[in-house]
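Student: Dropping the structure in here first, questions after.
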Amino acid sequence: MRWRPWSPNTGRSHRSASPARRIPRRRGNTFPDLDIRTSRLLLRELRETDVPEVVAGASDEVTQRWLPLPWPYTEHHATMFVTRLAPAMRVSGHGTVRALEYDGNFAGVIDLKRTDWTARVTEIGYWTMPGFRGLGLTTEAASAITRWALADLGFERVELRVPPENRASNRVAVKSGFALEGILRNAGQIRAGRVDLAVYSRIRADLTE
Ligand SMILES: CC(C)(COP(=O)(O)OP(=O)(O)OC[C@H]1O[C@@H](n2cnc3c(N)ncnc32)[C@H](O)[C@@H]1OP(=O)(O)O)[C@@H](O)C(=O)NCCC(=O)NCCS
């Protein structure tokens, strides 16, 4: 069968099934549905009122360049993401999705995904609204959610995978205290095609540094 990229914002391949079919339910571990506060941000659950901003942010050309999202990214995609995929990710134990709220504004999305509760490893991902970039908000959100996973939830390792050419995201990784481990060759899919991925990690021992 031909490989199709999975979309983190719809839970669908560019063709396919409902989120419920694509994320197997698991018993036991799930992320708590808690708000996380940082000095400037509230990391909260997505709401249906976020849909217009999700459409705008996911349609942005830089977001589209680096994330394998549907194009065009429609209100239907955003509604599915907010009302079905994001809740299903948490209920299934697969991850958690949080909105970045800054001064009452929707400023982006951050998530933990591909979670292995046995190995206690999870992976972080994010995008930020164009008008809120360059303010250090993604770094602040990534630092906070990573610390929450390692210090409060007992995870041992949080991974971050970034195409080496995505300079802003590599900066976020470094500024958030992630250590570069190496390059996974031909490991990712973006709109332009296959890419290498720089793999970063932050581990529990890093918290004491
Ligand atoms: C990556 C992204 C989330 C960063 O968001 P942000 O809120 O601007 O991040 P921060 O403000 O915390 O930090 C951005 C850093 O990247 C730097 N940067 C931004 N654009 C850059 C570019 N084109 N080249 C080099 N550095 C760049 C900024 O200067 C800043 O670094 P500094 O503090 O040392 O000056 C945002 O650009 C985005 O949404 N991109 C599209 C989606 C995406 O790439 N997601 C990650 C997939 S791996």
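The values are calculated or read from the model by the stated rules, or taken from the named source; none is laboratory data. What you see is a predicted model; the values in this text were computed from it and never measured. We place every Cβ from the backbone using ideal geometry, glycine too, and count neighbours over all the protein chains shown.
Student: Of the conditions (1) farther than 25 Å from Asp60 by Cβ; (2) in contact with a strand residue (DSSP E or B) (Cβ under 9 Å, 6 or more places away or on another chain), Glu165 satisfies every one except a single condition; which number is it?
Tutor: Unmet for Glu165, out of (1) farther than 25 Å from Asp60 by Cβ; (2) in contact with a strand residue (DSSP E or B) (Cβ under 9 Å, 6 or more places away or on another chain): (1).
Student: Those residues that are surrounded by fewer than 16 Cβ atoms within 10 Å (Cβ to Cβ) and more than 26 Å from His76 (Cα to Cα), I need them from region 36-62; list them, please.
Tutor: Arg37, Ser39, Arg40
Student: Of the residues that sit in region 59-94 and are in contact with a Phe, Trp or Tyr (Cβ under 9 Å, 6 or more places away or on another chain) and hydroxyl-bearing (Ser, Thr, Tyr), which one is farthest from the ligand (Cβ to nearest atom)?
Tutor: The selected residue is Ser59.
Student: Moving on. Among strands (runs of 3 or more DSSP E) lying entirely in region 94-167, which contain 2 or more residues that are touching a residue at least 12 places away in the same chain (Cβ under 8 Å) and under 17 Å from Val51 (Cα atoms)?
Tutor: Numbers: elements: 96-102, 105-116, 121-128, 157-162.
So the answer is 96-102, 105-116, 121-128.
Student: Just wondering, is there one or more residues in region 136-143 that are more than 9 Å from the ligand (Cβ to nearest atom) and at pLDDT 95 or above?
Tutor: Pass one, region 136-143, residues more than 9 Å from the ligand (Cβ to nearest atom): 143.
From what is left, the residues that are at pLDDT 95 or above are 143.
Within region 136-143 (the criterion being more than 9 Å from the ligand (Cβ to nearest atom) and at pLDDT 95 or above), the answer is yes, since at least one residue qualifies.
Student: Please verify whether Val172 is under 21 Å from Val91 (Cα atoms) and surrounded by 13 or more Cβ atoms within 10 Å (Cβ to Cβ), treating the condition exactly as stated. Show your work before the answer.
Tutor: On the way: under 21 Å from Val91 (Cα atoms): no; surrounded by 13 or more Cβ atoms within 10 Å (Cβ to Cβ): yes.
Answer is no for this residue.
Student: Can Glu75 be described as farther than 14 Å from Ser169 by Cα, crowded, with 16+ Cβ neighbours inside 10 Å and modelled with pLDDT of 95 or more?
Tutor: no
Student: Looking at (1) among the basic types (Lys, Arg); (2) near the ligand (Cβ under 10 Å from one of its atoms); (3) farther than 30 Å from Pro32 by Cα, which is the one condition that is false for Arg191?
Tutor: (2)
Student: Within region 112-134, can you find the residues that are within 16 Å of the ligand (Cβ to nearest atom), surrounded by fewer than 24 Cβ atoms within 10 Å (Cβ to Cβ) and under 18 Å from Gly154 (Cα atoms)?
Tutor: Lys113, Arg114, Glu123
Student: Of the numbered conditions (1) part of a helix (DSSP H, G or I); (2) of a type in the set (D, E, K, R); (3) away from the ligand (no atom under 14 Å from the Cβ), Glu181 satisfies every one except a single condition; which is it?
Tutor: Glu181 satisfies every listed condition except (1).
Student: Could you tell me which residue of region 150-178 is farthest from the ligand (Cβ to nearest atom), considering only residues that are β-branched (Val, Ile, Thr) and touching a helix residue (DSSP H, G or I) at 6+ places or on another chain (Cβ under 8 Å)?
Tutor: Val158
Student: Restricting to region 188-197, and then to whatever is part of a strand (DSSP E or B) and over 17 Å from the mean Cα position of the chain (by Cα), can you tell me which residue is surrounded by the fewest Cβ atoms within 10 Å (Cβ to Cβ)?
Tutor: So the residue we want is Gly193.
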